[in-house]
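J.: Sharing a structure here in structure tokens format.
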Amino acid sequence: MAESAAGPIPESSSGGFASLLRVARALARVSAVQALQYRVEALGEALLTLVRVATAVVPLLVVFGQRQSVEGWTRDEMLIVLGWFTFLTGVLEGTLSPSLLAVIEQVRNGTLDFVLIKPADAQLLVSFSKLSPTRIVDLVCGLGLIVTAFVRMGRWPSPGDLALSFVLLLSALAVLYSIALLVVSIAFVAVRVDNLFFLFTSTFDLARWPTTIFGGVLRIIFTFVLPLALMTTVPALAVLGKLEWTNAVGALLGSVAFFLIARFVWLRSLARYTSASS
């Protein structure tokens, strides 16, 4: 039986969706235990998250202090976009950033060997190798912002809009993960890509605004090249009941395409990997 950072991994974990879930759950459990060993630090990080979310609302108050809408978006509707952004930020900073940045260091040091010998999918292991449970606060705050926006509007989304927004949230997570994986895959052919990953996370900060407020080339880039629209704007339009079905289908197909491309690039990059023992 092989060992990992999450403890023993059963030999049968190399196949089956249920087995993959067990591996991911084991890795998440160990990350949570490690984080709670430093309770004061965890509490401090949670409080900092609350401060960040509070300060993120300030620009909306400033912008809408002088006008009722911006490019057709009201303050409450933009608050929903900010809610999706905050939720995805929790996923990015709580799972993808710590885990995939660790992969860059493993590739550089040649210690990725210890991951590849495990009887489980390497992509799964590196994706959940290091988690930050305190970023759950982002998830709660993001949902809280969305609920607050609907309370202010005096209405609630229909069950159909909720179901569609949930599906599009999953597609947004797939796109976010795929882009992060594509960036990390460059580590197999470049010496340092840390700065490129940080550039991606910095650019993602623009997703707090609807992509429709950007004009010209930027709107095209944030829709098709670096699809920030798929991550926050599209799910927000869905929960508001303003998303056309053609756009919803296009978003879903786009997220699947991104995931398949990222998986292909990862496998090709992994094949080029020269281990420490080579």
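J.: Between Val70 and residues 5 or more places away or on another chain, which pairs have amide H atoms under 5 Å apart, with H built 1.01 Å from N, and which residues are they?
T.: The list, which skips near neighbours in sequence, is empty: none.
J.: Please give me the summed charge of the neighbours of Ser185: other residues whose Cβ is under 13 Å from its Cβ, Lys and Arg +1, Asp and Glu -1. Each step should come with its number before you reach the end.
T.: On the way: positive: Arg263, Arg268, Arg272; negative: none.
Summing Lys and Arg as +1 and Asp and Glu as -1 gives +3.
J.: When the chain is treated as a GNM, springs tying every alpha-carbon pair under 10 Å, which of Pro59, Pro133, Pro210 comes out with the largest mean-square fluctuation?
T.: Most flexible of the set in this elastic network: Pro59.
J.: Cβ neighbours within 10 Å, averaged per peptide: list 177-190, 85-98, 244-257 in order, most packed at the top.
T.: Working: 177-190: 20.0, 85-98: 22.7, 244-257: 14.9.
Averaged packing, sorted descending, gives the order 85-98, 177-190, 244-257.
J.: Taking the chain as a Gaussian network, Cα atoms linked when under 10 Å apart, which of Glu77, Glu105, Glu41 shows the biggest mean-square fluctuation?
T.: In the Gaussian network model the winner is Glu41.
J.: What's the angle, to the nearest 10 degrees (0 to 90), between helix 39-63's Cα axis and the longest principal axis of the chain?
T.: 30 degrees
J.: Between Phe114 and Val189, what's the calculated FRET efficiency when r is the beta-carbon distance and R0 is 22 Å? Round to 0.05. It would help to have the intermediate numbers written out before the result.
T.: Numbers: r = 21 Å, r/R0 = 0.96.
About 0.55, to the nearest 0.05.
J.: Now, a different point. Per residue, what volume in Å³ does the Cα convex hull of the chain take up? Before the final figure, lay out the partial values.
T.: Details: hull volume 39.7 nm³, N = 278.
Measuring per residue, one finds 143 Å³ for the Cα hull of the chain.
J.: Next question. Test of understanding: in a Gaussian network model of the chain with alpha carbons linked when under 10 Å, which of Leu82, Leu168, Leu218 would top the mean-square fluctuation ranking?
T.: Evaluated over the chain, the most mobile residue of the options is Leu218.
J.: Cα axis of helix 136-153 to longest principal axis of the chain: angle in degrees, 0 to 90, nearest 10?
T.: Helix 136-153 sits at roughly 20 degrees to that axis.
J.: Next question. Debye calculation, C-alpha points only, no solvent: report log10 I(q)/I(0) for the stretch 71-122 at q = 0.29, 0.31 Å⁻¹, in the same order as the q values.
T.: -1.02, -1.06
J.: Now for a separate question. Taking R0 as 25 Å, what FRET efficiency do you get between Arg155 and Asp205 from their Cβ-Cβ distance, rounded to the nearest 0.05? Each step should come with its number before you reach the end.
T.: Working: r = 30 Å, r/R0 = 1.18.
The calculated FRET efficiency here is 0.25.
J.: To test your reading of the geometry: what angle, between 0 and 90 degrees and rounded to tens, separates the Cα axis of helix 159-185 from the longest principal axis of the chain?
T.: Once rounded, one gets 50 degrees.
J.: How would you classify the stretch 98-162 from its alpha-carbon gyration tensor, with a ≥ b ≥ c the square roots of the eigenvalues: rounded for a/c under 1.5, else prolate if a/b is greater than b/c, otherwise oblate? Write down the numbers at each step before the final one.
T.: On the way: a/c = 5.02, a/b = 2.94, b/c = 1.71.
Prolate shape, in that a/c is at least 1.5 and a/b is the bigger ratio.
J.: In nm, to one decimal, how far is the Asp121 label point from the Ala46 one, both placed 7 Å along Cα→Cβ?
T.: 3.2 nm
J.: Compute the convex hull volume of the Cα atoms of the stretch 56-200, divide it by the residue count, and report the result per residue in Å³ as a whole number.
T.: Values: hull volume 20.1 nm³, N = 145.
For the stretch 56-200, the hull spanned by Cα atoms encloses 138 Å³ per residue.
J.: Could you work out the local net charge near Ala251, counting Lys and Arg as +1, Asp and Glu as -1, over the other residues with Cβ closer than 15 Å to its Cβ?
T.: Within the 15 Å Cβ shell, the charges total -1.
J.: With +1 on the Cβ of every Lys and Arg and -1 on the Cβ of every Asp and Glu, and nothing else charged, how large is the dipole of the chain about its Cα centre, in debye rounded to the nearest 20?
T.: Working: 20 positive and 16 negative charges, 18 e Å.
About 80 debye.
J.: Still on this structure, please answer the following. When only Cα pairs under 8 Å and 6 or more residues apart are kept, what is the percent relative contact order across the chain?
T.: Details: 345 pairs, mean separation 67.3, N = 278.
That works out to 24 percent.
Bear in mind that the values in this text are calculations on the coordinates, not laboratory data. The structure displayed is predicted, hence computed values, not measured ones. Here Cβ is always computed from backbone atoms with ideal geometry, including for glycine, and neighbour counts include all displayed protein chains.
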